[in-house]
Number of protein chains: 2
Amino acid sequence: MRSGEFIEPRIDPAMPERKPLPRPDLRLRHVAIGPVAVFGASNFPLAFSVAGGDTASALAAGCPVVVKGHPAHPGTSELVGRAIVAAVAAAGLPEGVFSLLSGPSNELGGALVADPRIAAVGFTGSRGGGLALMRIAAGRPVPIPVYAEMSAINPVFLLPAALANRAETIATGFAGSLTMGAGQFCTNPGLIVAIDGEGLDRFLAAAATAVGAAPAATMLTPGIRDAYDRGTSALGNAGSVETLARGAEATANACQPALFAVDAADFIADDALGNEVFGASSLVVRCRDVAEMLAVAADLEGQLTATLHLDAGDHDLARQLLPVLEDKAGRILANGWPTGVEVCHAMVHGGPFPATSDPRSTSVGTLAIRRYLRPVCYQDLPAELLPDAVKPDNPYRLARLVDGVRQEAE
Amino acid sequence: MRSGEFIEPRIDPAMPERKPLPRPDLRLRHVAIGPVAVFGASNFPLAFSVAGGDTASALAAGCPVVVKGHPAHPGTSELVGRAIVAAVAAAGLPEGVFSLLSGPSNELGGALVADPRIAAVGFTGSRGGGLALMRIAAGRPVPIPVYAEMSAINPVFLLPAALANRAETIATGFAGSLTMGAGQFCTNPGLIVAIDGEGLDRFLAAAATAVGAAPAATMLTPGIRDAYDRGTSALGNAGSVETLARGAEATANACQPALFAVDAADFIADDALGNEVFGASSLVVRCRDVAEMLAVAADLEGQLTATLHLDAGDHDLARQLLPVLEDKAGRILANGWPTGVEVCHAMVHGGPFPATSDPRSTSVGTLAIRRYLRPVCYQDLPAELLPDAVKPDNPYRLARLVDGVRQEAE
C-alpha cells in the first residue's frame, strides 16, 4: 500500500518523429473503481466483517465502503463500525468514506447492490446468498462486478506413500483441522480422497477414533447449526454413504462432528455428495486406484484450496494431480491443512466457481486491492493536469513501467 | 510477454520460528484462465478479428482460443484462420490451441458462450450483442467473465480558450477524425460539448462546412449502413435537434456524414440523444455556461475515451472536468482525436459500462493479457513439484516480489 505498487504506473513517452505516425505521450495508472458494498461474513466477526479484508482492500484502493453488517453479530458490527467512523473523523476524511447498514433483511442487501451509486460488491457467505447478489448485480441497468466467496469443500488428497509412512499423524492433524472452531471455516477440509489399502485403513481407524472423541462445540447461530444438521443428515441417509464416526452428542446449538465415507464411483455419480456442509463434517472418498483418484479430482467443482499429503514416493502421482487441481483451486497445499489463511503478499484466497464468483481475484493478502481498481490512460495531457502518480517528475517516487521496462524511482 | 512480467510471481518464504504460529512457504503465480471464446469485430477484419487483440492476449496468457468469425468478412476470417492453424502446426503446439467457427447465426455464438469448456469471452460489437452474451454467461451453471466492448460516443470537450485561439483548426481535425473510414471506429468522436460564444460559433461554421463537403464513403455492411441511417434519422427528427450539415448524398451502402446540434438541457433530458450512431455522425451539445458543461459530463454513460481541447487558460475548467471524466472513460486525451489507438504498454482501450462490460480491463496493449489470467498460490509444495515460475532457483530469471519487495533476477 505505502509503496504505491498497486497504482502500477506505465508510461510510453511521445515519439513525435516516429514514421508513419508519431506516437502520443501515454500514461496509465490504476484508480478506485467506486463505492463498494461489503457483506460481512457470519463466521469472522472481525477478520471478515465490518473492518475485514474486503473493507480494508476497498478503502486502500480509494473506494468508499458501505457495509451490510451480518445479523449474526450486530453488537460487534456496531462497535467496529463506530471505531471506523471515529478513525475516519480523526484522519480528516469525508464522512461518506464509510457507512454501516444493520438489519436482517435480504431486501436491505438487495437494495444496496441495486443502488446505482454502488460500483462493486464484496460478499462472504452462502452459495444461495452469493448467487442472489450476482443475479441482482447482473440485472442492473449498469452491471457491476461481484466478488462473492461462497462454498468449498477443500479436498485433501492422501497419497499412498504418505499414508504408508504416517497415516496416524495425518489423521490427528486432520481431526484437529476439521473440528477447530466447530468446523466453521470456509477452508475446512470437507473431503478426503485416498486409494484403498492398508494405509487408508489405518488413517480411517485413527480418524474415526479422533472424530468420535471430539467434543460438540457451540456454533455461531441457530441457522448455521440447522444447516449443519440438515447436511449431515443428508449424508448419513444417502444409501451409498457409510457413517464412520460421530463426535460427542450435541446439545442446543452445538455441532456434533461427523466423518463419512463413500466409494469414488458413487461420489462421482451423485453431485449432491459434493455439496458443502458448513461445520465439522467430512466425507472420505475411497478410490480403487490412481485412475479413480484422478477422476474424482476432475469431477470436483471449483475450490478455495486443494491439499496433497505426499512423500517422495508420491511425486509422480502428484505431478498427475497438480494440473487438474490448478484448474480447480486458488491455493494448493502440501502436507498441511487448509484452515490457516496467511495474510501476506503471495496468498490467494479465492478460486473458480462456486468457491467464488470470480476466479481472477483473491480476498486475502495484498493482491486483494486489485479487485477494486481499474486502469485509466492519459494521452498528451499537459504535465500540470496529470495525476501525481504519472507526472513527469514522479513526486510519489513510484517504480514505473517506462516503454515496457521497469524503472525504480531515483 | 517474453519478460514474463505477466506471471507476477510473489514469494513469501517460510518463517518456521515465527510466534505464535510459523508461516508456511507461500508462492503465487498467474495462470491461464482456460479456453476463451473470441468474437471478432465487424469493423477491424484484421486488428480485432480472428487474429486480433483478444486472440493474441488469450494465446499469450496460455489460453486456447475458439473464434466466432464475424459474418461480415468470412473470406478474410478463413484466410487468417488458416494462417494461424499453420503457425500452430509449425510451432508444434496442440491442434486444439486454436479453432475458428464460421456462420451468421446468433445460436452459434450463444452455444459457444454456453459451452461448459469455455472459461471466458472476448467480444467487440454492438450493445445488443454484448448484452446478450453477458446474459448467457451469467446464466450458465458456472458463470464466466465476459469482456464485451460495446458502445461509446467518445465525448470531446472544447474549452473556451482553445476555441477562441483555434476554432477553425479544431474543426478541421474534428471533421477528419469523424469521417475517416466512414466513421466506423469505436472511438469515433460522436459528441462535442462546448460553451456558447463566439469561439463555438466559429467552430460550428467551420465544422459544418467541412462535414458538408465530406464525401460519402462505403460502409462495411448493409446492416451497418441501415443502422446508421436509422440513427441519423432519429437525431434529425428529434424536435430539440438541429441539423447543421450533411455530407455528400449517399449512394447504395455509403454513409452520408452528419453533424447535429442540441442544447445541453435538451440533451440531458433525453437519454436517447446519447445513443451511439455507428458511422460519421456527431452531435454538438451547446452549454450556456461551465455549470451546464459539468452537468453534461456528469450525465454521460461510460465511454472508451473522453477528450479535452484546451489551452493554458482552460486549465482551471479542466481540473473540474477531469475527476468526472475519469469516472466515465478508460482514456482521457488532450488536444487530439480519439480515433487512433496506440498498441503499447500504457494504453487503456476499455471503460465503464456500456463502453465495455468490465471496466477493470483493456482490450488493447500489453496490459490486456491480464484479463485472461488468474492467480494460484502454492503452500509448502516441495521444490521439485513447484512450477518453474516460482521455483527457488528461478529458472526463468523472473523478477519476483519476495516478502513484498521486488527482486530482479540475478
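The values are calculated or read from the model by the stated rules, or taken from the named source; none is laboratory data. Since the model is a prediction, treat every value here as computed from it, not as a measurement. Note that we place each Cβ from the backbone using ideal geometry, even for glycine, and neighbour counts take in every protein chain shown. Quick note on the areas: whole protein, heavy atoms, side chains included, nothing else; ligands and nucleic acids left out. Shrake-Rupley method; radii C 1.70, N 1.55, O 1.52, S 1.80 Å.
Rounded to a whole number, what % of the accessible area of chain B do carbon and sulfur atoms account for, probe 1.4 Å?
57
What number, rounded to the nearest 500 deg cm²/dmol, is the helix-based mean residue ellipticity at 222 nm of the protein assembly as shown, given -39500 (n - 2.57) per DSSP H run of at least four residues and division by all its residues?
Values: 20 runs with 258 residues, N = 820.
The helix-only estimate for the protein assembly as shown comes to -10000 deg cm²/dmol at 222 nm.
Of A:LYS391/B:LYS391; A:LYS68/B:LYS19; A:LYS328/B:LYS391; B:LYS68/B:LYS391; A:LYS328/B:LYS68, which pairs sit farther than 29 Å apart, going by alpha carbon to alpha carbon?
Pairs exceeding the cut-off: A:LYS391/B:LYS391; A:LYS68/B:LYS19; B:LYS68/B:LYS391.
Take the Cβ-Cβ distance between A:GLU95 and B:ALA295 as r, set R0 to 30 Å, and report the resulting FRET efficiency rounded to the nearest 0.05.
Working: r = 25 Å, r/R0 = 0.82.
My answer for the efficiency is 0.75.
In whole Hz, with x marking every Gly and Pro, tabulate ³J(HN,Hα) for region B:277-290 from phi via Karplus 6.51 cos²θ - 1.76 cosθ + 1.60, θ = phi - 60°.
Using θ = phi - 60°, the values come out as 10, 6, x, 8, 10, 9, 10, 8, 9, 8, 9, 6, 7, 4 Hz.
Most mobile of A:ASN188, A:ASN394, A:ASN335 per a Gaussian network model of chain A (Cα springs, under 10 Å)?
A:ASN394
Excluding A:PRO352 itself, calculate the net charge of residues whose Cβ lies under 14 Å from the Cβ of A:PRO352, where each Lys or Arg counts +1 and each Asp or Glu counts -1.
Numbers: positive: A:ARG127, A:LYS328, A:ARG331, A:ARG360, B:ARG117, B:ARG140, B:ARG374; negative: A:GLU149, A:ASP299, A:GLU301, A:GLU326, A:ASP327, A:ASP358.
Spelling it out: positives minus negatives among the neighbours equals +1.
Measuring with a 1.4 Å probe in the full set of protein chains, what accessible area per residue, in whole Å², belongs to the protein assembly as shown? Before the final figure, lay out the partial values.
Working: 31830 Å² over 820 residues.
Counting only protein heavy atoms, the per-residue value for the protein assembly as shown is 39 Å².
Do any trypsin sites (Lys or Arg not before Pro) in region A:278-365 lie in a loop, going by DSSP, with at most 13 other beta-carbon atoms within 10 Å of their beta carbon, and if so which? Walk me through the intermediate numbers first.
Numbers: sites: A:ARG286, A:ARG288, A:ARG319, A:LYS328, A:ARG331, A:ARG360; in loops: A:ARG288, A:ARG360.
Of the trypsin sites (Lys or Arg not before Pro), the ones in loops of region A:278-365 whose Cβ has at most 13 other Cβ atoms within 10 Å are A:ARG288.
Using the alpha-carbon centroid of each, what span in Å lies between region A:283-308 and region B:9-76?
Taking the Cα centre of each part, region A:283-308 and region B:9-76 sit 26 Å apart.
Would you mind getting me the FRET efficiency between A:ARG288 and B:ALA114? Use the beta-carbon distance for r and R0 = 45 Å, nearest 0.05. Before the final figure, lay out the partial values.
Working: r = 34 Å, r/R0 = 0.76.
After rounding, the FRET efficiency stands at 0.85.
Among B:THR243, B:ALA254, B:GLY302, which residue has its Cα positioned farthest towards the positive end of the charge dipole of region B:222-309, with +1 placed on the Cβ of Lys and Arg, -1 on the Cβ of Asp and Glu, and the dipole taken about the Cα centre?
Result: B:ALA254, furthest along the dipole toward the positive end.
At 7 Å along the Cα-to-beta-carbon direction for both A:SER102 and A:ARG230, put a label point, then send me their distance in nm to one decimal.
Here the modelled spin labels are 2.8 nm apart.
Using only protein heavy atoms and a 1.4 angstrom probe, determine the accessible area buried between B and A, summed over both sides, in Å² to the nearest 100.
Working: alone 18740 and 18720 Å², together 31830 Å².
In total, chains B and A hide about 5600 Å² from solvent.
Taking chain A as a Gaussian network, Cα atoms linked when under 10 Å apart, which of A:ASP327, A:ASP12, A:ASP314 shows the biggest mean-square fluctuation?
In the Gaussian network model the winner is A:ASP12.
Just give the residues from region B:340-359 buried by at least 20 square angstrom of accessible area in the all-chains context relative to the isolated chain, probe 1.4 Å, and say none if nothing qualifies.
B:GLU342, B:CYS344, B:HIS345, B:ALA346, B:VAL348, B:PHE353, B:PRO359
A:LEU283's amide H: which non-local residues (gap 5+, or another chain) put their own amide H closer than 5 Å, with H modeled 1.01 Å from N in plane and none for Pro or chain starts?
The answer is A:LEU191, A:ILE192, A:PHE260.
Report the calculated FRET efficiency for B:ALA87 and A:ALA213 (r = Cβ-Cβ distance, R0 = 51 Å), to the nearest 0.05.
Values: r = 63 Å, r/R0 = 1.23.
Approximately 0.25, to the nearest 0.05.
Using a simple charge model, +1 on the beta-carbon of Lys and Arg, -1 on the beta-carbon of Asp and Glu, nothing else, what dipole does region A:166-270 show about its Cα centre, in debye to the nearest 20?
Values: 5 positive and 11 negative charges, 84 e Å.
With Lys and Arg at +1 and Asp and Glu at -1, about 400 debye.
Just to be sure I understand: of the beta bridges DSSP finds with both ends in chain B, what percent are antiparallel, rounded to 5? Present the calculation step by step, with values, prior to reporting the outcome.
Working: 21 of 62 bridges.
Within chain B, antiparallel bridges account for around 35 percent of the total.
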